[in-house]
Amino acid sequence: MEGKVLIIDDDQKIRRLISIYLENEGFKTVQVKDAQEGMQVLQNELIDIILLDVMLPDMDGIEACLKIRENLNMPIIMVSAKSEDMDKLQGITCGADDYITKPFNPMELIVRVKSQLRRYKRYNKAELKQTNVIEIGDLSIKTDTRQVWVADKEIRLTPKEFDILELLARNKGIVLNTSKIYEAVWREDFFKSDNTVMVHITKIREKIESDPKKPLYIKTVWGVGYKI
């Protein structure tokens, strides 16, 4: 099973141990020591599942889990030295999908990671046919889980790439200039010399188009902007 796991734990030895076992099973891992670093990773990388320690130096895992759940829906497994039932219940009610206590058997953790990923992928593929889906030809955009499919293939977009694609899809047929896209997605003033939007559009095309040089979905209207 493939996937990228974000490990958020302030104990370097624990991070390394978990990472070794996961990578031996074919996973990619990203290791960070606190919640703030974890949030930055989630803004810039595609993460499939999160292993989140409850006791972190900058904010506790419960608060971090709540913040993550404001925008993202991937599985979260809480990892904690606390084994009391109330601690487990608090972890689950904050939005976590599972809870494992330290010390744990690394193989048990692997089994739980694989189980959560299978359930998540199966559930979200079935959900594509329900509400909150924008469909344009073979392109399907599921806005609540922030997933994109072309035909039967899931496409992995970064958060900003998804925001741009969703913005264009919701305004199908309307040309949006670079400044409007930038200000809507980044929520900052646009600088004329900034080519950030163009770079992101290029990356999106490379992922969703069969031939990025002859795009079917995102069209360039020269001198004006972009449209779907």
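Nothing in this text is a laboratory measurement; each read-out follows from the coordinates by a stated rule. Just so we're clear, the structure is a prediction, and the values are computed from it rather than from any experiment. Virtual Cβ from ideal backbone geometry, glycine too; neighbours counted across all protein chains shown.
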Label point distance in nm, Asp60-Trp222, each placed 7 Å from Cα along Cα→Cβ: 6.1 nm
Membrane-span-like helices (DSSP H runs, Cα span along own axis at least 15 Å, mean Kyte-Doolittle at least -0.5) in the chain -> 12-24, 159-170, 196-208
Ellipsoid semi-axes in whole angstrom, largest first, where each is sqrt(5λ) of the Cα gyration tensor of the range 133-227: 21, 15, 12
Efficiency of FRET from Cβ geometry, Lys13 and Asn171, R₀ 45 Å, rounded to 0.05: 0.35
State the antiparallel share, in %, of DSSP beta bridges confined to the chain, rounding to the nearest 5. 45 percent
So what's the net charge close to Leu168: Lys and Arg +1, Asp and Glu -1, counting the other residues with Cβ under 12 Å from its Cβ? +3
Quarter of the surface of the C-alpha convex hull for the range 33-84, i.e. direction-averaged projected area in nm², equals 3.6 nm²
Sorted largest first, the Cα spans of the chain on the principal axes come out in Å as 60, 36, 31
